[in-house]
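Student: Please find one structure pasted underneath; my questions will follow.
Rule-based calculations on the coordinates, nothing more; no lab input. Keep in mind it's a predicted model, so treat the numbers as computed, not measured. Here Cβ is always computed from backbone atoms with ideal geometry, including for glycine, and neighbour counts include all displayed protein chains.
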Amino acid sequence: MSTKRKIYKKKRYIIPVFIILTLLVIRIMLPTIVKKYVNQVLADIPGYYGQIESIDIGLIRGAYVINGLYLNKVNAGTQVPFINLAETDISIEWKSIFKGKIVSEIILKKPEIIYVFEDQQKETENEAEVEDWTKALTDLVPIEINTLTIYNGKIAFVEVTAEPTIDLHLNGIELTATNLRNVVEKEQKLPSTLQATATSIGNGSVKLDGKLNLLKQIPDMDISFALENANAKALNDFTNHYAGIDFDKGNFNLYSEIAIADSYMKGYMKPLLKDAKLIGKDDGFLKTLWEGFVGFFKFILKNQKNNTLATKVPLEGDLSNVKTKIWPSITNIFKNAWIQAFKNVVDDDIEFEDIKSSEKSK
C-alpha cells in the first residue's frame, strides 16, 4: 500500500515537471521556428529576396519582434535594400479584446523604403506585382492590423545614373494610423484616422491628416497634405536633370487634398514657389541663356506683390481613369499672377460628402 502511494506521488510530480519542461523547450525553439517561417515567406516572393536577423518572443504580452528585416530585387544593380525595417513589433491590441475584437498593433522603428529607379526598372523572369510583396509582409502578421505606428521612418526616390545622383526623400517620418479594422465608431463613413509628419528634402515641413475606411476593396478616404518651406535649391539635381534649370534661391511649397468615395476621386495639387531665382553665379553661358528665357516667363507669370509662382491642378475621375484638367491648371497660373495670389494653406474645398454626387453627375 505504501509502495503504491510512493508511485502515485512520483507520477503527481513527474507530469507537471514534464509539461513545464515541454513548454520550456517550445519557448526556446519558438524564435527559431518563427524566424524560419518569416524567412520562407520572404523567399517565396517572386523577383525579390530578403531575410531577417533575429526574432524576439514576448509571450506574456502576446507579441513578437522582428529585427533587421530587408527586402530587395533579385537582379538589383545596387546593394541598397528596397525595404529595410530595423525593428518591427507585432502584438495583440489588448484594449480591442474588451470590445469583442481580436486584432493586432504594429510598431515600426526606423523603417526605410528606398526606391532606386534603376533597380526597379530591371525586369525579372518572375516579376512580382506590388500586391505580391505587400501581401507577403502582411502575412507576417497573424491577425488583422488595427493600429500602425511608425517612428523615424524614411521614404526616398533615388536615380543613381543621373549626374549628379537624384535623391528625393522624406526623413523623420512619424505616423499613426488607428482603428483600421473599424473596432469602434463603426457607424461612421470614415472611422479610421491617419496622421503623419516628416521633414522633406530642403528641410521642408510635411504634414498629412486623413480619415479612411480600409474595409472596402477600394478604400474610401479624405486626406489633406502640406509640404511647406522647402529650400528650392535642394531640388536642383532633379530639376536640372529633367528640365535643365536650377534655383539660385527660393522656397517650395505643395498643398493637396484627395477624397475617394466608391472608387471615384476628386482633389487637387497646388505647387507654390516663393522668392525664386533661377540664374546662379556659376552657370555657363548656354545654361544662363536658357534659365533667363525660363525666368522671363516666370517673371510675367508670377504674382508681383507676393513674389509667388503657383497653380492649382484639379484631379477628378474614376480611379481607373483619373483625369488632370489641363486648362484649369493653366488658367490658375494666370489667376495667381494677375488676379489673386494663392495662399500658403490647404484650401479645404474638397468634401468627402460631395464626391458621390460628383460621381453621379458624370
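Student: Just a yes or no: is a residue in the stretch 190-202 more than 24 Å from residue 355 (Cβ to Cβ) and over 17 Å from the mean Cα position of the chain (by Cα)?
Tutor: Yes, the stretch 190-202 contains at least one residue that is more than 24 Å from residue 355 (Cβ to Cβ) and over 17 Å from the mean Cα position of the chain (by Cα).
Student: Something else now. What is the residue count in the stretch 189-214 for residues that are free of Cβ contacts under 8 Å to residues at least 24 places away in the same chain and out of contact with any Ser or Thr (no Cβ under 9 Å at 6 or more places or on another chain)?
Tutor: 1
Student: Is the stretch 189-209 home to any residue that is over 26 Å from residue 227 (Cβ atoms) and surrounded by fewer than 16 Cβ atoms within 10 Å (Cβ to Cβ)?
Tutor: Within the stretch 189-209, one or more residues are over 26 Å from residue 227 (Cβ atoms) and surrounded by fewer than 16 Cβ atoms within 10 Å (Cβ to Cβ).
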